[in-house]
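Single-structure report; data block below.
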Amino acid sequence: MKPLPVLMAVLLTCAPLRGAWAVDPVRMADLQQQARYEVLIHELRCVQCEDNSLADSDAWIATDVRRQIREMLAAGKSDSQIKGYLVSRYSEFILFRPAYSWRNAWLWSLPVVLLLVGTVIAVRIIRQRAALVDNEDEADPLHS
């Protein structure tokens with residue numbers, strides 16, 4: 001028996017169960033709220049896992065934050081109110097895409113500044129080495 005058909009049969013048999021693999025299987029009654037909820041939990045970071053969204057994390061704090069988001073959506077809060085509350089509680093770290101502000105401007109401009117500094121240093125080193133080679137040629141009487 002070939003392994004590929006057996007593997008395909010197992011996968012097709014388990015395909016209806018893929019909803020059970022989800023971290024957060026809770027569904028809201030209102031489809032619009034469910035859509036907003038899905039967007040929010042993918043835009044917000046788990047404060048414990050750091051690189052996972054709330055949707056991908058199974059940490060207890062992510063479960064708690066998802067519950068809070070569901071409650072705030074049910075209470076009629078807007079997305080910006082929910083994000084504002086979570087930022088006030090967990091700082092801007094919870095946002096995967098923090099807003100540009102003067103407080104974090106240095107963070108956004110740091111790569112450009114480092115690139116400019118690196119370019120200036122590289123140019124100075126190249127010029128100094130070129131000057132050394134020129135001075136060696138002038139000082140060497142055998143190559144004259």
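The values are calculated or read from the model by the stated rules, or taken from the named source; none is laboratory data. The structure presented is a predicted model; accordingly, all values stated were derived computationally and were not measured. Positions of Cβ are backbone-derived with ideal geometry, glycine not excepted, and every protein chain shown enters the neighbour counts.
Looking at Val87 and the list (1) in contact (Cβ under 8 Å) with a residue 24 or more places away in the chain; (2) crowded, with 16+ Cβ neighbours inside 10 Å; (3) hydrophobic (A, V, I, L, M, F, W, C); (4) over 15 Å from Glu38 (Cβ atoms), which single condition is not satisfied?
Val87 satisfies every listed condition except (1).
Taking the condition of being surrounded by 21 or more Cβ atoms within 10 Å (Cβ to Cβ) and either free of Cβ contacts under 8 Å to residues at least 12 places away in the same chain or in contact with a helix residue (DSSP H, G or I) (Cβ under 6 Å, 6 or more places away or on another chain) (or both), how many residues in segment 46-65 meet it?
Initial filter on segment 46-65 (surrounded by 21 or more Cβ atoms within 10 Å (Cβ to Cβ)): 46, 54, 57, 62, 65.
Right, trim to either free of Cβ contacts under 8 Å to residues at least 12 places away in the same chain or in contact with a helix residue (DSSP H, G or I) (Cβ under 6 Å, 6 or more places away or on another chain) (or both) and you get 46, 54.
The qualifying residues number 2.
Among all residue pairs at least 6 apart or on different chains, which show Cβ distances below 8 Å where the first residue, located in segment 104-119, is at pLDDT below 95 and the second is surrounded by 10 or more Cβ atoms within 10 Å (Cβ to Cβ) and part of a helix (DSSP H, G or I)?
Pairs found: Asn104/Glu92.
Out of the residues in segment 66-79 meeting the condition of being surrounded by 14 or more Cβ atoms within 10 Å (Cβ to Cβ) and among the aliphatic types (A, V, I, L, M), tell me which one is nearest to Val26 (Cα to Cα).
Selected residue: Ile69.
Looking at (1) within 20 Å of Val26 (Cα to Cα); (2) exposed (fewer than 13 other Cβ atoms within 10 Å of the Cβ), can you tell me which one Ala131 breaks?
(1)
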